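Asker: Sharing a structure with you now.
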């Protein structure tokens with residue numbers, strides 16, 4: 001069984017379509033929506049598709065990795081698939097047939113990712129270029145260098161037992177928690193990049209902030225985490 005885990009915060013614009021696509025999967029699955037305390041219709045929409053909606057009610061703001069962990073730690077599937085609320089699959093059944101075949105044919109694979117693309121009608125040349133470069137880097141690092149890398153949290157598929165073994169996401173990281181997780185998971189197995197597939201997402205953060213800001217933020221956070229074990233950013237700005 002696949003456990004689809006989606007952290008949300010005020011995602012009424014995207015969550016319905018994403019859950020509709022997931023509901024078209026013909027294999028065994030469960031959907032877990034881990035909501036950070038939305039003030040819009042996100043939770044209402046999610047409950048039309050799943051009974052497993054976990055709402056953060058504490059006074060402090062939930063981090064993205066905390067939301068991901070809350071969902072994943074309650075998962076019952078063989079595989080945990082972490083998605084963003086705007087992640088779409090071109091053909092969800094073909095997609096996961098290929099991904100599960102990869103895991104089953106190589107028991108050393110503990111986690112996997114693939115190409116990320118912006119929705120076809122919204123994709124810019126810079127989107128295509130940047131996500132192409134970051135995807136290529138992840139492919140080389142994972143499949144040829146024996147490391148762990150991903151372009152982001154839009155799609156991460158993991159064996160649940162391996163995810164639990166490394167303790168899940170580092171909740172102190174408000175950014176780059178996805179790469180940190182894969183870097184730790186590759187110590188206990190292989191991270192696989194599937195070159196024949198892709199997912200689509202909105203690309204909204206880059207479209208609003210601009211790629212120059214996105215790249216600058218990535219570099220300074222990566223350097224800060226490498227040196228101090230903490231990101232340079234203190235708050236992850238909500239883009240809706």
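Asker: Assuming 0.36 nm per residue, please report the length gained on full extension of the stretch residue 51 to residue 101 beyond their Cα-Cα distance.
Answerer: Here the answer is 15.1 nm.
Asker: Ok, one more. Sorted by average packing, counted as other Cβ atoms within 10 angstrom per residue and highest first, what order do 195-202, 29-36 take?
Answerer: 29-36, 195-202
Asker: Please give the FRET efficiency for residue 137 paired with residue 58, using the beta carbon to beta carbon distance and R0 = 45 Å, rounded to the nearest 0.05.
Answerer: Working from the Cβ atoms, E equals 0.75.
Asker: Could I ask something else about it? Using a basic spin-label model with each label point 7 Å from the Cα along Cα→Cβ, how many nm lie between residue 108 and residue 17?
Answerer: Result for the modelled spin labels: 4.0 nm.
Asker: Let me ask something additional. When 49, 131, 144 are ordered from fewest to most other Cβ atoms inside 10 Å of their Cβ, what list results?
Answerer: In order of increasing Cβ crowding within 10 Å: 144, 49, 131.
Asker: A further question follows. Want the number for residue 93 to residue 124: 0.36 nm per residue separation, take away the alpha-carbon distance, what's left?
Answerer: Gain in length upon complete extension: 8.4 nm.
Asker: Still on this structure: How big is the equivalent ellipsoid of the stretch 2-203 along its three axes, where each semi-axis is √(5λ) from the Cα gyration tensor, reported in whole Å from largest to smallest?
Answerer: 24, 19, 17
Asker: Obtain the nm distance between the two label points defined at residue 208 and residue 223 by a simple spin-label model: each point lies 7 Å from its Cα along the Cα-to-C-beta direction.
Answerer: Output for this residue pair reads 2.6 nm.
Asker: Let me ask something else about it. Ranked highest first by average number of other Cβ atoms within 10 Å, how do 183-192, 214-223 line up?
Answerer: Going by the mean number of other Cβ atoms within 10 Å, highest first, we get 183-192, 214-223.
Asker: Taking every DSSP beta bridge with both residues inside the chain, roughly what % is antiparallel (nearest 5)?
Answerer: 25 percent
Asker: Contour minus end-to-end for residue 165 and residue 235, with contour as 0.36 nm per residue of separation and end-to-end as the Cα-Cα distance?
Answerer: 22.4 nm is the gain from fully extending residue 165 to residue 235.
Asker: Okay, next question. Please arrange 213, 166 by how many other C-beta atoms lie within 10 Å of their C-beta, fewest to most.
Answerer: 213, 166
Asker: Which shape class, rounded, prolate or oblate, goes with the stretch 129-229 when its Cα gyration tensor gives a ≥ b ≥ c as root eigenvalues, a/c under 1.5 marks rounded, and past that a/b bigger than b/c marks prolate?
Answerer: oblate
Read-outs throughout are calculated quantities, based only on the coordinates presented, and are distinct from any laboratory measurement. This structure is a prediction, so every number in the text was calculated from the model and none was measured. Glycine gets a Cβ as well: all are built from the backbone with ideal geometry, and neighbour counts include every protein chain shown.
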